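Below: the structure, in structure tokens.
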Amino acid sequence: MIVWIIFLVTIFIFLALDLGVFNKTPHIISSKEAGIWTGIWVSLSFAFSGVVNWLYSNAYIANPTEISPTVATLKYITGYLIELSLSIDNIFIIAVIFAAFKIPQKYQHRVLFWGILGAIIFRGLMIFFGVILINKFSWMTYLFGAFLIFTAFKMLFKKEEEDFNPKKSLVYRIIGKVIPITSHTEKEHFFIKINNINHATPLFVALLVIEVMDMLFALDSVPAILAITADPFLVFSSNIFAILGLRSMYFFLANMLEKFSYLEYSLIAILSFVGIKMLLVHYYKLPEWASLSFIALSLTLGIIISLNRDTKKE
């Protein structure tokens, strides 16, 4: 329990420093700044694997039946890479939402900051109940596995559909029934008064739509990481570090997403892999290094092929 408290307090300190010190004044985040912060968050995420190793070493010494520190470390890194890879589609949706609601670039960071706080809470709840379900009902692993394979096939054979329009979404219509919506943006405010009546600004609407979309994406990502481990701390910590790096990664990759078009096939391969792994979990268990190697190789190949094809087009 103490480890959980320390971890959560540390995360909220990072977030407080982010908004209160490093991004106190709204500004347009350049690709260079976003790249630096992306590097910082990725480095911190991998450095945390050392903390995981240390924590589970102490637990393993006290009780040798517990998960070994090496296995725990590999599970954490594998889970982190899965969450990071599945965030690619999320980045694209965020870009569409910001464009639809005409959110000024200098206020986008503020929206994503509060979006991350909500994501931490919702992901925490989904992980909590997901772990309970898997531990209590072993057959749930088959259900999750089948769902992931279904999602992979849906991505592979999807047809060209109408572009996602946030203003036609259910959440947008619900917000409009609860509180009046204005197209006017006043600095970084989520609400403004017009004729003494509170109106939701595009920033607040974009925030709620992003939160709902994150919950939908979590339906894929949470079962995917539960295929790697049902240890709640490993699942939660890898999830949170992936979410924390999502903001800077958005500003870094938002204008380059088209260059990584073949990454979608990497995601399909990863979802299929973890889905099959869940279906076979009671019959055959792959070693942790095999899972990590497959996921890392899939991402690497997706990036290399995307960049190579993009270079040939030029």
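The values are calculated or read from the model by the stated rules, or taken from the named source; none is laboratory data. The shown structure was predicted, so the numbers you read here are calculated from the model rather than taken from an experiment. Don't worry about glycine lacking a Cβ; one is built from the backbone with ideal geometry, like all the others, and counts go over all protein chains shown. The protein model used for the area step is the full one, side chains on, heavy atoms only, and it has no ligands, DNA or RNA in it. Shrake-Rupley method; radii C 1.70, N 1.55, O 1.52, S 1.80 Å.
Is one or more of the residues making up segment 258-272 in contact (Cβ under 8 Å) with a residue 60 or more places away in the chain, more than 29 Å from Gly35 (Cβ to Cβ) and not small (Gly, Ala, Ser)?
no
Considering only segment 181-274, give the helices (runs of 4 or more DSSP H) lying wholly within it that have at least 1 residues that are modelled with pLDDT under 85, farther than 30 Å from Ala72 by Cα and touching a helix residue (DSSP H, G or I) at 6+ places or on another chain (Cβ under 9 Å).
Qualifying helices (runs of 4 or more DSSP H): 202-226, 246-253.
So the check is Cβ under 6 Å with 6+ separation or different chains; which pairs have a first residue in segment 121-143 that's under 17 Å from Ala218 (Cα atoms) and a second one that's assigned to a loop (DSSP other than H, G, I, E, B) and at pLDDT below 85?
Val131/Ala230; Ile134/Ala230; Thr141/Val281
Take the residues in segment 207-218 that are among the hydrophobic types (A, V, I, L, M, F, W, C) and in contact (Cβ under 8 Å) with a residue 40 or more places away in the chain; name whichever of them is nearest to Phe144 (Cα to Cα).
Among residues in segment 207-218 that are among the hydrophobic types (A, V, I, L, M, F, W, C) and in contact (Cβ under 8 Å) with a residue 40 or more places away in the chain, the one nearest to Phe144 (Cα to Cα) is Ala218.
Taking the residues in segment 41-54 that are open to solvent by 30 Å² or more (accessible area, probe 1.4 Å) and either in contact (Cβ under 8 Å) with a residue 60 or more places away in the chain or among the acidic types (Asp, Glu) (or both) as candidates, determine which candidate is nearest to Leu271 (Cα to Cα). I'd like the intermediate steps shown before the answer.
As a first pass, look at segment 41-54 and keep what is open to solvent by 30 Å² or more (accessible area, probe 1.4 Å): 42-44, 46-47, 50-51, 53-54.
Okay, now just the ones that are also either in contact (Cβ under 8 Å) with a residue 60 or more places away in the chain or among the acidic types (Asp, Glu) (or both), so 42, 44.
Details: Val42: 22, Leu44: 25 Å.
If we take residues in segment 41-54 being open to solvent by 30 Å² or more (accessible area, probe 1.4 Å) and either in contact (Cβ under 8 Å) with a residue 60 or more places away in the chain or among the acidic types (Asp, Glu) (or both), then Val42 is nearest to Leu271 (Cα to Cα).
Residue under question is Phe113, and the condition is that it be outside any loop (DSSP other than H, G, I, E, B), touching a Leu at 6+ places or on another chain (Cβ under 6 Å) and modelled with pLDDT of 80 or more; does it hold?
Yes; evaluated as a whole, the condition is true for this residue.
Which one of these does Gly176 not meet: (1) without any contact (Cβ under 8 Å) to a residue 12 or more places away in the chain; (2) open to solvent by 70 Å² or more (accessible area, probe 1.4 Å); (3) not aliphatic (A, V, I, L, M)?
The failed condition is (2).
Any residue at all in segment 55-71 that is assigned to a helix (DSSP H, G or I) and closer than 21 Å to Gly115 by Cβ?
Looking through segment 55-71, none of the residues is assigned to a helix (DSSP H, G or I) and closer than 21 Å to Gly115 by Cβ.
Taking Lys158 as meeting all but one of (1) open to solvent by 20 Å² or more (accessible area, probe 1.4 Å); (2) of a type outside the set (A, V, I, L, M); (3) assigned to a helix (DSSP H, G or I), write down the number of the exception.
Single failed check for Lys158: (3).
Taking into account only those residues within segment 81-138 that are surrounded by fewer than 21 Cβ atoms within 10 Å (Cβ to Cβ) and of a type in the set (D, E, K, R), which is farthest from His189 (Cα to Cα)?
Lys136
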